[in-house]
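Where a number appears in this text, it was derived from the coordinates with a stated rule and is not lab data. No experiment lies behind these values; they were computed from the predicted model shown. Methodologically, a virtual Cβ is constructed for each residue, glycine included, from the backbone with ideal geometry; neighbour enumeration extends over all protein chains shown.
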C-alpha cells in the first residue's frame, strides 16, 4: 500500500429496494467500519414498463443520494465506490438520471452486471464468516434481482443472478398489499420457474450449508426468532408457519408480527415468496444469516485494488486463454503500447492509471479471431462487451470493448459517441496508441521496438523513427500511409520520418 492510498474508504449500494452506504478506515491492511447509512428508496417500485423511473421515485432517490453525499463529501476522489444493481441495469439508458445521481452523491456511480453483483456479494459474505471451510450456498434477495452463489472458502464456484426480488414480486403478485392464496401461489410458481434452469447446478447435494444476506433474509430471520419458530437463522418449518400467518392476515397493513419493521412490511410478501421458492426448489432445510453483503464486498474489492490485487487483471488473462488468444503476440503488442504510452502520455494529458486500459486492450485485441478472421476486431469488441468479466462494471466493459473495436480499420466514431463525454478524449488517445502498437507489431517479429520519438504540433502527431528503419520496412510504411487516412476522422494528421 502506498502513501497515496486513502485511509478512509466508502462503498455505496444503490439497490432496487434500499440504498446503503458504509464507511470504513484502513488499519494495518484491515477494514474497521466507521459508519453505516440506509434508506428504503424502493427504486424498483418506480420502474415503468418502458424501464423508466417515475418522477416521485426518481426524486426520492436523488434526495437520498444528496444526504449520503453530505456524509461522503470530505472523502477524496477514488476513495468512494458506488454501484447500481438490477433496477439501474434496466434503467441505464436514462442517462439523465445517472448524471443527476452522480452529481447528488458527489462521486461516480457504476452499473454492475448481475454476475458481478453475485461475485461481490460472495466476497462480502465469505469474509464476514471467515473460518468456515464448508462449501456454501449464498442467497441474496434484493429488490429486483436475486443472486445465488456456490463457493468454497473465499472462492466463488457458481454465480447466478435471477430476475426476482422483494419489490418487483410484491408489486406484481401482491398489488395494493393484498396477500391472497392465489397471489402467493403465483409468486412462488414464478420463482420456481426462474429457478428451474439452474436447479441442477445449485442442487443441495453440491453444498453443505446455506447462508442468506441482506434485508429480506434478515427480516424473515428476525420474525421467526421473535415468534419462537427458530432459535437462529431460518428453517423450512418456520417458513411454512410464516406462510400461514401471511395468508391469514390477508393484507400487508394487517400484519402483526413481532420482529417486522415498518420499512420492511410493504415488501415482505414478495421477498418471502422468493425465499420460499428457493427453499423448495433447492432443497434448503436451514439457512444462517450473514452480516456481510454487497457493500462489504465492494469495500473488500476496493481494498484488493489498493493492495494491487485487482480481479480485473485475472479476468483479462482468463479471457485471453479461454478464447485461445496468441499470448506471446499479445505481450509484444502490450510492450509496444507501453513504449508509445510513455512517449505520448504527457502530450495528451493521460494519467499513469490509464495505462491499465491500454494493457488490457493489448492483451484482448485479437480475441475475435476465435469467431472469424474477417472483421475480427468487431467480433472481439462484442465478446469483450458481453462476456462476464469479474471485477468490471458495465461501463468499464463498454470502454474496453471500444478500444478493442477501434484497434484497426476505420475509427469507431459511433462507439466513441456512446461513451460519457468525460471519457471520450481519453478513449480516442488510447485508441490511437493501441492502433500504432498493433501496426508496428503486425509482422509478429521478435525484434525489439525501435526508439520512437513522438510530439505534437497543433493537430499534427509526429513520429520519429531511427535512421533507415522505415527504409528497411516498406510494409510498415504502407500501413502508416493507410493509418494517415484513418486518423483524419479523429482530427489527427499523422506525420512520420
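Take the alpha carbon gyration tensor of segment 363-436, find the square roots of its eigenvalues, order them as a ≥ b ≥ c, and report rounded if a/c is under 1.5; if not, report prolate when a/b exceeds b/c, else oblate.
Taking the square roots of the gyration eigenvalues as a ≥ b ≥ c, segment 363-436 is oblate.
Nearest 10 degrees, 0 to 90: what angle lies between the long axis of helix 236-249 and the longest principal axis of the chain (Cα atoms)?
That helix lies at roughly 70 degrees to the long axis.
May I ask what percent, to the nearest 5, of DSSP beta bridges between residues of segment 130-289 are antiparallel?
70 percent
So in segment 325-496, what percent of DSSP beta bridges are antiparallel if you round to the nearest 5?
Antiparallel bridges: around 55 percent, rounded to the nearest 5.
Which distance in nm do the two modelled labels at residue 356 and residue 477 give, with both placed 7 Å along the Cα-to-Cβ direction?
According to this spin-label approximation, the distance is 4.2 nm.
With a cut-off of 8 Å between alpha carbons and a minimum separation of six or more residues, what is the relative contact order of segment 120-169 in percent?
33 percent
Once you have the alpha carbon radius of gyration of segment 325-496, what is it after dividing by 2.2 N^0.38 Å, with N set to its residue count?
Compared with the compact-globule rule of thumb, segment 325-496 sits at 0.98.
By how many nm would the segment from residue 231 to residue 134 lengthen if fully extended, with 0.36 nm per residue of separation less the alpha-carbon distance?
In short, 32.8 nm is gained.
Report the extension gain between residue 155 and residue 70 in nm, rounded to one decimal, defined as 0.36 nm multiplied by the number of residues separating them, less their alpha carbon distance.
Gain in length upon complete extension: 27.0 nm.
Taking square-rooted eigenvalues a ≥ b ≥ c of the alpha carbon gyration tensor, is segment 1-135 rounded, prolate or oblate, where a/c under 1.5 means rounded and, failing that, a/b exceeding b/c means prolate?
Cα axes put segment 1-135 in the oblate bin.
If each of residue 453 and residue 56 carries a label point 7 Å out from its Cα toward its Cβ, how far apart are those two points in nm?
6.8 nm
Hey, if you drop one equal point scatterer on each alpha-carbon of the chain and run the Debye formula without solvent, what base-10 log of I(q)/I(0) do you get at q = 0.05 Å⁻¹?
-0.23
How are the C-alpha pair distances of segment 165-259 spread across 5 Å bins, as whole percents from the shortest bin up?
The percentages, shortest bin first, are 2, 12, 17, 23, 24, 14, 6, 2.
Kindly state, as a whole number, the per residue volume in cubic angstrom of the convex hull around the alpha carbon atoms of segment 172-214.
In segment 172-214, the Cα convex hull volume per residue is 111 Å³.
Just the number, please: Stokes-Einstein D of segment 262-361 in µm²/s, Kirkwood Rh from C-alpha pairs, 10 °C, 1.306 mPa s.
Calculated translational D: 86 µm²/s.
On a 0 to 90 degree scale, rounded to 10, what angle separates helix 376-386 from the longest Cα axis of the chain?
30 degrees
Taking a point 7 angstrom from the Cα of residue 331 along the C-beta vector, which residues in segment 356-374 have backbone N less than 14 Å away?
Within reach of a label on residue 331: 363.
What fraction of the DSSP beta bridges in the chain is antiparallel, stated in percent and rounded to the nearest 5?
Antiparallel bridges: around 65 percent, rounded to the nearest 5.
Over the Cα atoms of segment 406-451, each weighted equally, I'd like the Debye log10 I(q)/I(0) at q = 0.23, 0.24, 0.32 Å⁻¹, rounded to two decimals.
-0.80, -0.84, -1.18
Restricting everything to alpha-carbon atoms, can you work out Rg to Rh for segment 130-289 with a Kirkwood hydrodynamic radius?
0.95
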